[in-house]
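Each value in this text was obtained by applying a stated rule to the coordinates, not by laboratory testing. Only a predicted model underlies this, so the values are computations on that prediction, with no experimental measurement involved. Glycine also receives a Cβ, built like all others from the backbone with ideal geometry; neighbour counts cover every protein chain displayed.
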Amino acid sequence: MPNRPIYVIGHKNPDTDSVCSAIAYAALKQAQGFNDYVPARCGNSNARIDAILQRFQTPLPVFVGDVTPRVRDVMTQHAHTIAPEATCAEALELIDRYDIRALPVIAKGQNLRGVITIFNLGEFFVPKPKNLREMRRVHSSVNAIARSLKARTLHVTDPERNENIFLRVGAMELETFGRFTSEEGILPAQSGVIVGDRREIQLAAIDMGVRLLVVTGNLELAPDTVEKAKEKGVCLMVSPYDSATTAWIIRTATFVEPLMDTDIVRWQADEKLASLRRRIATLNDSTLQCVTDADGKLLGVFTRGDLLKPSNTQLVLVDHNELSQAVTGADEVTIIEIIDHHRLGSAATQQPILFHNEPVGSTCTIVADLYRQANLVPKQAIAGLMMSGLISDTMNLRSPTSTRKDAEILHWLSHVGDIDIDPLVRLIFDSGSLISRIPVDKLITSDCKLYQEGETRFSVAQVEELGFDRFREHADEIADALEAYCKKEKVLFSCLLVTDINTQNSLLLVVGDHTVCQSVSYPPVDAKGRIFDLPGVVSRKKQLVPYLSGLLHSLGMA
């Protein structure tokens, strides 16, 4: 059975560094022999990412929008099952062989009919004292009884009919046997008689017209006894066992269908485990739980114990370390590594992990350095992707977040990948204006991150443009969309940082809380006081977010 993939995944609304570092780090782990690592994304691509991936002929990482643990993650898909027409003997054999306590009862087409448990079987084989008649009842068919006994069949009629047969052992005198069989209102046609070499009992049972006569000890019967059974329409078979063993085995030939539980909860595969744990706590049933589709087809099973196991979904977070920015459900699965270049956030883990955080300009810088430390040379395409993530996140080394190490790594990647830097820079920054190409609701979320300062949540999105003309043309429309986003996400305020790649200056659009908007110390450049001029500010991480955090603290909102 193949291992589950370990997803290397960036933040929501992924940018170039997020996608490229995920691809590059998964490739590094695979080169080191860890083939379970798979690059992933939890948001849509954009024109810049698409242009870069096309340039280096690399597919877009798989989309993983939600890793919240669900029933399908803990259920056993290939459960041991049994058919309604199977016998108790067959159920007991499976229960013993696989050391389980319950079996789903499945009809044709994998349709779930019920569940047979060791408790059902126990109640059947050891009924309550006031219901001793049940100890002699067998709901089965003549053929099923013969199969269970491995009996020699001498005569049968209607062998596949499902019916109730009440057993009696003919271990008494003939007169006593006659009185005994008339008790409790059980008709001869409902009776099954087990007898050894008592010929008079054999003949009496046939004369009564019992449904089934079982002769034990593998005895030979007189021809006239067989002929008389045929004349009377009595089913006649010879058991290889003694009378006590034969009686027990016939009891185990009872079909499971009338014994199974049919009033069972049917769970859906996509139900969240957190919700399921709350619901199942109210149930008295502690046995097997069944998972079905909308048509009642069995998909899998699980037990209460399965709900206590840790999630087997594993993540490596790249280019972020805050759960508010992570793929949905990340807080409920296992995070095994974080590789990032941002401030420390709130990503708590249940066990120690590898946390690689450096104050450099991009996550791709860190991943490329890991290649160097491992004495591995990335393939040309991977080298190109890491160059692209680095160039994009540092604005070609012009951002204040850029470090000497970023420049060193960029030139190393250019050398080992034999890739010219200048043409790649032009490709990255000439990939088009987001403002003029995508709808405004997509624009404000294409590279948006949520932040938390104390009890205050806010969001900051960033787009990079060649000049501010397109932004000014659509400023009112963008502001309205940002207002709607602010209300939808229930944050105190939302910002959009529009950065001019050529001049290395930015404009900041702020909407939301009036006090915050009025307290921004940068000069406003529009009549409504929502857009501010931020000369020399190009880094969301190193310049804008620290400024906003300080502003909130000064206002007593953090």
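What list of ³J(HN,Hα) couplings, whole Hz, do you get for the stretch 333-338 from phi and the Karplus terms 6.51, -1.76, 1.60, once you set θ to phi - 60° and write x for glycine and proline?
10, 9, 8, 9, 8, 9
So in the stretch 332-461, what percent of DSSP beta bridges are antiparallel if you round to the nearest 5?
Close to 60 percent.
Relative contact order, percent, of the stretch 142-245 when contacts are C-alpha pairs under 8 Å separated by at least 6 residues?
34 percent
Calculated FRET efficiency, Phe355 and Lys487, Cβ-Cβ r, R0 35 Å, to nearest 0.05?
After rounding, the FRET efficiency stands at 0.50.
In which sequence would Arg343, Arg530 go, from the one with the fewest C-beta neighbours within 10 Å to the one with the most?
Sorted ascending by nearby Cβ count, the order is Arg343, Arg530.
Quick one, which of (1) 1.54; (2) 1.41; (3) 0.92 is the actual Cα Rg over 2.2 N^0.38 Å calculated for this model?
(1)
From the square roots a ≥ b ≥ c of the eigenvalues of the alpha-carbon gyration tensor of the stretch 1-154, which class results: rounded (a/c under 1.5), prolate (a/b over b/c), or oblate?
Prolate.
Residue farthest toward the positive end of the dipole of the stretch 142-245, with Cβ of Lys/Arg at +1 and Asp/Glu at -1: which of Val238, Ser148, Gln190?
Towards the positive end, the residue furthest out is Ser148.
Label-point separation (nm) for Ser554 and Glu173, each offset 7 Å from Cα along Cα-to-Cβ?
11.4 nm
Classify the stretch 67-156 as rounded, prolate or oblate from the Cα gyration tensor: take a ≥ b ≥ c as the square roots of its eigenvalues, call it rounded if a/c is under 1.5, otherwise prolate when a/b beats b/c and oblate if not.
prolate
Just need the relative contact order of the chain here, percent rounded to a whole number, with Cα pairs under 8 Å and 6+ apart.
Value for the chain: 15 percent.
Set the Förster radius R0 to 41 Å, insert the Cβ-Cβ distance between Asp293 and Thr503 as r into 1/(1 + (r/R0)^6), and round the FRET efficiency to 0.05.
0.10
Calculate how many DSSP beta bridges within the stretch 434-554 are antiparallel, expressed in % of all such bridges and rounded to the nearest 5.
Counting only bridges with both partners in the stretch 434-554, antiparallel ones make up about 70 percent.
What value, in deg cm²/dmol to 500, does the helix sum -39500 (n - 2.57) over DSSP H runs of n ≥ 4 give at 222 nm once divided by the residues of the chain?
Calculated at 222 nm, the ellipticity per residue is -10000 deg cm²/dmol.
Provide the percentage of antiparallel DSSP beta bridges, counting only those with both residues in the stretch 142-245; round to the nearest 5.
Roughly 20 percent of the DSSP beta bridges within the stretch 142-245 come out antiparallel.
Of Leu288, Asn502, Ile9, which is farthest along the charge dipole of the chain in the positive direction, counting Lys and Arg as +1 and Asp and Glu as -1 at C-beta?
Comparing the listed Cα positions along the dipole, Leu288 ranks first.
Rank these for me by crowding, Leu443, Leu283, going from fewest to most other beta carbons within 10 Å.
The fewest-first ordering by Cβ neighbours comes to Leu283, Leu443.
Please compute the net charge surrounding Glu160, taking Lys and Arg as +1 and Asp and Glu as -1 over other residues with Cβ under 13 Å from its Cβ.
Taking every Cβ under 13 Å from that of Glu160, the sum is -1.
Rounded, prolate or oblate for the stretch 142-245? Axes are the square roots of the Cα gyration tensor eigenvalues, ordered a ≥ b ≥ c, and the cut-off for rounded is a/c under 1.5.
Since a/c stays below 1.5, the shape of the stretch 142-245 is classed as rounded.
Sort Asp340, Asp96, Asp480 so that the residue with the fewest other Cβ atoms within 10 Å of its own Cβ comes first and the one with the most comes last.
If I rank by nearby Cβ atoms, fewest first, I get Asp96, Asp480, Asp340.
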